[in-house]
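One structure is given here, and the rest of the page talks about it.
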Amino acid sequence: RDIGSVVQRDEPLAIVDVPMTTTLPNGGARATFLDDQVRLIPVHSPVTGVVVNRAVNAGDTVSTSQTMFTVADTRTLWVIANVEETKVRKVVPGQHVSIYIDAQDTTVDGAVEEIIPATTSTFSLIPNQNAAANFTKITQLVPVKIAFSGNPPALIVGSSVRVRINIQ
């Protein structure tokens with residue numbers, strides 16, 4: 001399957017040709033590819049969704065537990081909004097959210113589902129190092145998970161939105 005392909009749960013994404021181990025006459029063993037359909041193992045999609053990453057190509061060698069495909073379940077979409085740490089104390093689960101979808105030029109409703117208890121810098125690929133013992137205060141961002149109300153609109157995974165959390 002290619003990136004962007006829509007797949008159904010349990011639909012085959014690829015077929016892996018698994019070598020069989022054979023015993024040699026002198027007592028050794030070796031892996032070989034025999035003409036036996038038993039060694040052709042299908043890899044099924046775990047969810048209905050869209051292929052968003054393909055880490056292998058036909059003919060590649062794969063190992064056990066290697067990720068071959070990433071499939072995004074487009075039936076359960078959400079938004080991660082980064083809220084400044086000085087403002088996140090006003091945000092609570094269940095609050096109404098207006099979600100403006102840039103690609104569709106439309107606004108839909110949602111609700112705060114979860115406030116993730118770690119700042120975005122915690123998960124940074126290159127964390128801020130303070131080896132020189134100098135300190136500059138930088139307002140941190142806290143991820144807030146927002147669920148769509150009702151059926152989620154047809155969105156492109158990773159697309160941009162703007163949110164307005166209605167606080168009381």
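The values are calculated or read from the model by the stated rules, or taken from the named source; none is laboratory data. On a predicted model such as this, the values are computed, not experimentally measured, just so you know. FYI the Cβ positions are ideal-geometry reconstructions off the backbone, even for glycines, and counts take in every protein chain you see. With ligands, DNA and RNA removed, areas are computed over all heavy atoms of the protein, side chains included. Shrake-Rupley method; radii C 1.70, N 1.55, O 1.52, S 1.80 Å.
One residue is enough: does segment 112-130 have a residue meeting the conditions of a type in the set (Phe, Trp, Tyr), at pLDDT 85 or above and either within 30 Å of Val51 (Cβ to Cβ) or open to solvent by less than 70 Å² (accessible area, probe 1.4 Å) (or both)? Within segment 112-130 (the criterion being of a type in the set (Phe, Trp, Tyr), at pLDDT 85 or above and either within 30 Å of Val51 (Cβ to Cβ) or open to solvent by less than 70 Å² (accessible area, probe 1.4 Å) (or both)), the answer is no, since none of the residues qualifies. Checked against the criterion of being modelled with pLDDT of 90 or more and either under 24 Å from Arg9 (Cβ atoms) or touching a Lys or Arg at 6+ places or on another chain (Cβ under 8 Å) (or both), segment 152-161 has no qualifying residue. Going through Thr136, Thr107 one at a time, which residue ends up being open to solvent by 50 Å² or more (accessible area, probe 1.4 Å), at pLDDT 80 or above and either within 20 Å of Ser160 (Cα to Cα) or of a type in the set (Ser, Thr, Tyr) (or both)? None of the other options fit; the residue is Thr107.
Taken together, the residues in segment 55-72 that are part of a loop (DSSP other than H, G, I, E, B) and either open to solvent by less than 50 Å² (accessible area, probe 1.4 Å) or aliphatic (A, V, I, L, M) (or both) amount to 5.
Identify all residues within segment 73-92 that are exposed (fewer than 12 other Cβ atoms within 10 Å of the Cβ) and among the hydroxyl-bearing types (Ser, Thr, Tyr); write none if there are none. The answer is Thr76, Thr86.
Any idea which residue in segment 63-84 is farthest from Ala154 (Cα to Cα), counting only those that are among the hydrophobic types (A, V, I, L, M, F, W, C) and in contact with a Pro (Cβ under 9 Å, 6 or more places away or on another chain)? Step by step, filter segment 63-84, then rank; the result is Val83.
Starting from segment 150-168, take each residue that is without any contact (Cβ under 8 Å) to a residue 12 or more places away in the chain and list its partners that are surrounded by fewer than 12 Cβ atoms within 10 Å (Cβ to Cβ) and assigned to a loop (DSSP other than H, G, I, E, B), counting only C-beta distances under 9 angstrom and pairs at least six apart or across chains. Matching pairs, first to second residue: Asn151/Arg75. Tallying residues that are within 14 Å of Arg164 (Cβ to Cβ) and either touching a Gly at 6+ places or on another chain (Cβ under 6 Å) or not in a strand (DSSP E or B) (or both) within segment 79-101 yields 6. Of everything in segment 55-77 that is at pLDDT 90 or above and touching a Phe, Trp or Tyr at 6+ places or on another chain (Cβ under 9 Å), the residue that is farthest from Ile15 (Cα to Cα) is Ala55. Summed over segment 102-116, residues that are assigned to a loop (DSSP other than H, G, I, E, B) and in contact (Cβ under 8 Å) with a residue 24 or more places away in the chain total 1.
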